[in-house]
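To keep things clear, I will list the structure first and then write my remarks on it.
We did not get these values from a lab; they are worked out from the coordinates using the rules stated. Since this is a predicted model, take the numbers as computed values, not measurements. With ideal geometry, Cβ positions are generated from the backbone for all residues, glycine too; neighbour counts draw on all protein chains shown.
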Amino acid sequence: MPSPPPDVIHASDRAPVVDRFDATADSTQEVGAAMGPNVAGPPDVAGSPPLSLDEAAAVGRALGHPVRLRILTILGGRDECFCGDLCREFDLAQSTISQHLKVLREAGLVNATPCGTAMGYCIDGSRVDRYRHWLQGMVASRLP
């Protein structure tokens, strides 16, 4: 069987996730247990509950692709955008853009509103703010 191209990473090729601040952690479960009841930050972003570690991880995974980051950048500059509008911004198939939008929606970063037969997409600003707050809290807790 031929080897995959160098930019293809299979799940079996990935190293286990370990909290870089806790060298004794062997798994994500141990990291979560070491940080408390799966809560990652204080609830002070417009009264919203803090992101759980699972929620923060889902957002981080969704942000882990340059196409999705560019989609968020485009959506950030508009009130609403349709998939066809996004397809004109990329040299990618509509199905690929739709899949990236699905990942962003599942992470709670993008909302979709039916508009006839199309879907209008926009950023969920509260989720982005909660993730930003989580990141700031994580960095602040590590500062001397």
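Some notes on this structure:
- Considering (1) loosely packed, with under 15 Cβ neighbours inside 10 Å; (2) free of Cβ contacts under 8 Å to residues at least 24 places away in the same chain, the lone condition that F90 does not fulfil carries the number (1).
- If you go through the stretch 77-98 and pick out every residue that is in a helix (DSSP H, G or I) and either in contact with a Ser or Thr (Cβ under 7 Å, 6 or more places away or on another chain) or under 11 Å from V67 (Cα atoms) (or both), you end up with 4.
- Residue selected from the stretch 115-144 under the condition among the aliphatic types (A, V, I, L, M) and not in a loop (DSSP other than H, G, I, E, B), by the criterion surrounded by the most Cβ atoms within 10 Å (Cβ to Cβ): I123
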